[in-house]
1. Which pairs have Cβ atoms under 6 Å, sit 6 or more apart or on different chains, and link a residue in region 62-90 that is touching a residue at least 60 places away in the same chain (Cβ under 8 Å) and not assigned by TED's automatic domain parsing to the domain that holds ILE369 to one that is of a type in the set (Gly, Ala, Ser) and buried (at least 23 other Cβ atoms within 10 Å of the Cβ)?
2. Given (1) touching a residue at least 40 places away in the same chain (Cβ under 8 Å); (2) touching a helix residue (DSSP H, G or I) at 6+ places or on another chain (Cβ under 8 Å); (3) over 25 Å from ALA336 (Cα atoms), identify the lone condition not met by ARG215.
3. Only one of these conditions is not met by ARG362: (1) over 28 Å from ASP86 (Cα atoms); (2) at pLDDT below 90; (3) crowded, with 18+ Cβ neighbours inside 10 Å. Which number is it?
4. In region 359-392, what count of residues is obtained for those that are over 23 Å from ILE174 (Cβ atoms) and out of contact with any Asp or Glu (no Cβ under 8 Å at 6 or more places or on another chain)?
5. Write out, first by first residue and then by second, each pair whose Cβ atoms fall under 8 Å of each other, whose residues are 6+ apart or on separate chains, and whose first residue, in region 368-392, is touching a residue at least 24 places away in the same chain (Cβ under 8 Å) while the second is of a type in the set (Lys, Arg) and surrounded by fewer than 17 Cβ atoms within 10 Å (Cβ to Cβ).
6. Every residue in region 145-186 that is in contact with a helix residue (DSSP H, G or I) (Cβ under 8 Å, 6 or more places away or on another chain) and over 17 Å from ASP318 (Cβ atoms), please.
7. Report every pair of residues separated by at least 6 positions or lying on different chains whose Cβ atoms are under 9 Å apart, first residue within region 398-412 and in the same structural domain as ARG372 (by TED's automatic domain parsing), second at pLDDT 90 or above.
Amino acid sequence: MSVTNNIHVAAVSAGKPRNGRTKSKPSASSVRVIREGRALRSEQIDDILGAIEAGFADDPAGPSVAVVLGEGVRVRVYNGQLQVGDGLGWNRRVRNWPKAGSGLRRLVVGAQSGMITLDAIAWCQALGVAIVVVDQDGEVVLSPGSYGHDDARLRRVQGTASDELAVSIAIGLIGAKILGQASVAAASLDRPDVAETLAHIAAALDDAASIDEVRQLEATAAACYFGAWVDHPTAAPRFTVADTKRVPTHWCHYDGRRSLLTKGNSNRKAERPTNAVLNYLYRIAAIEARLACVAVGLDPGLGVLHMDASGRDSLVLDVIEPVRPQVERFVIDLMAEATFTRKDFIERSDGSVRIGPALAQRLAATMPIWAREVAPYAEQVAHTFGRVVAGKWSPRTPLTGRNAHAAAAVVRARKVGAIQRGRRSAVARAEAPRTDVARGPLDFAACIDCGSTLERPRHLRCSTCWEKQPGQARDVRQRRGRAIAKVRAAQEQWRRENADTTVDREDFQRVIQPKLASIKLADIMTATGCTKSTASSYRTGKTTPHPMHWGALDRLTRES
């Protein structure tokens, strides 16, 4: 997440000189770039300065994630707000977040120097904002250490888990990972043969009797899966025409996960942009996995699949295994849709590739996605350990909120039952024979148009006057009812025919929905068969179409 490595940009401070006059911003040629080793060319200097300026020009990470980069960072509380100043040279920025309505949930600090005050830490802790400090390689240096649910019995079981319990957890995590890889191979890589092979490997996991067998099957699946990535057109980045000749040739094709800069099968030092993006997103997902493990009361360092190692969160690596296919699907889509520039990637002196500041913040904006993906698996592992805890233990769901949702469903069902019983009682009273009793004032309710006595006192108009209202005539209501019934029948038929299909509303809203703004209403009406007002609500994003129309709208946006 660092901007430079052994590269120092010497720029004049943006403050005012002693004489009170404001200095003009220096040009690229007047800024000295000092680097150990061979001198940089002018275009390399422009790339470095351009990446710095683009990285701190805006905040693409969104309101929930704040990425702090650069030198001389200052995180403090000013006038009751969290204030963060970061950047490099002339490209400095100051951001403020109030206590109410800020939406901030993560503060990721990847700066090389600076300070975080104690009152800023207290401010973040009071509002549930996690402060995560990472180094140049994106490895976690500092993260929240207090357990959200502190139960020592759970960690004791985690540290002394039996082989049978560890194998069952590993099978569940790796099985979900391999099935996810099969889905990516079939849908994103167009390799149904690889998907079928991965499905057979996932089925063979059920017969695994040890962790070593699980590891062997996982390694076999990984080799088969990433073999389908090699030289695939959507596995390598696409650069602008101006930068195509300026990037190394090996950047433009994918040759596997193994890095040529490290020994063995390690992929820590990526020499290709695709692997650099994968490593970066894996580390972001690992940050969310660590926060999730701490929230459910698990020790991040005591894993079941990854062996214990000094300075490594083994359980975090276990928990993100099922999420890796989602990360890889995101990277494939990113490589297929985005056009990169030379400034998005920084090549270090040893040939390894780093992510530029602008792209780093863009990728960091995906942290909420990985938090949602990791949450159910962290809770699943905690519940598996919790079943072995001695004494009374209740499963908690602080991440997904499933317990609260189930309780709310019970309350809703109870309310619906009470309403239905009340309606049946009202119908029974209405159908009961009337007796000669004193009539109340509601018995003399009259139509507001013709003055005739109403059949139902709660109505404002009689049936004759009601049918005279615009859109309420009997034939109009019948046509409207038949149209609604036809649409519901089509939706029901689509659900039956696509019962096994997993639809992602977030993908539609992120990829297809913004493109509808430039589509004509008539084309949307033709593609979906909806009315003009409904097509308008689809185009503005006020209403999300039914999944049965997503394919037609996707084709419409691609053809336009």
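1. Here the result reads VAL65/ALA364; VAL67/ALA364; LEU69/GLY110; LEU69/ALA111; GLY70/GLY87; GLY70/ALA111; LEU88/GLY70, each pair linking region 62-90 to a residue that is of a type in the set (Gly, Ala, Ser) and buried (at least 23 other Cβ atoms within 10 Å of the Cβ).
2. (2)
3. (1)
4. 10
5. Short answer, once both residue conditions are applied: GLU379/ARG402; VAL389/ARG153; ALA390/ARG153; GLY391/ARG153.
6. Listed by number, the residues that qualify are GLY145, SER146, TYR147, GLY148, HIS149, ALA182, SER183, VAL184, ALA185, ALA186.
7. Going by the 9 Å Cβ cut-off, there are no qualifying pairs.
For (1) at pLDDT 95 or above; (2) out of contact with any strand residue (DSSP E or B) (no Cβ under 6 Å at 6 or more places or on another chain); (3) among the β-branched types (Val, Ile, Thr), each residue gets a yes or a no:
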position: ILE174; (1), (2), (3): yes, yes, yes
position: GLN181; (1), (2), (3): yes, yes, no
position: ALA187; (1), (2), (3): no, yes, no
position: ASP190; (1), (2), (3): no, yes, no
position: LEU198; (1), (2), (3): yes, yes, no
position: ASP206; (1), (2), (3): no, yes, no
position: ALA209; (1), (2), (3): no, yes, no
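The values are calculated or read from the model by the stated rules, or taken from the named source; none is laboratory data. What you see is a predicted model; the values in this text were computed from it and never measured. No Cβ is skipped: glycine too gets one built from the backbone with ideal geometry, and neighbour counts run over all protein chains shown.
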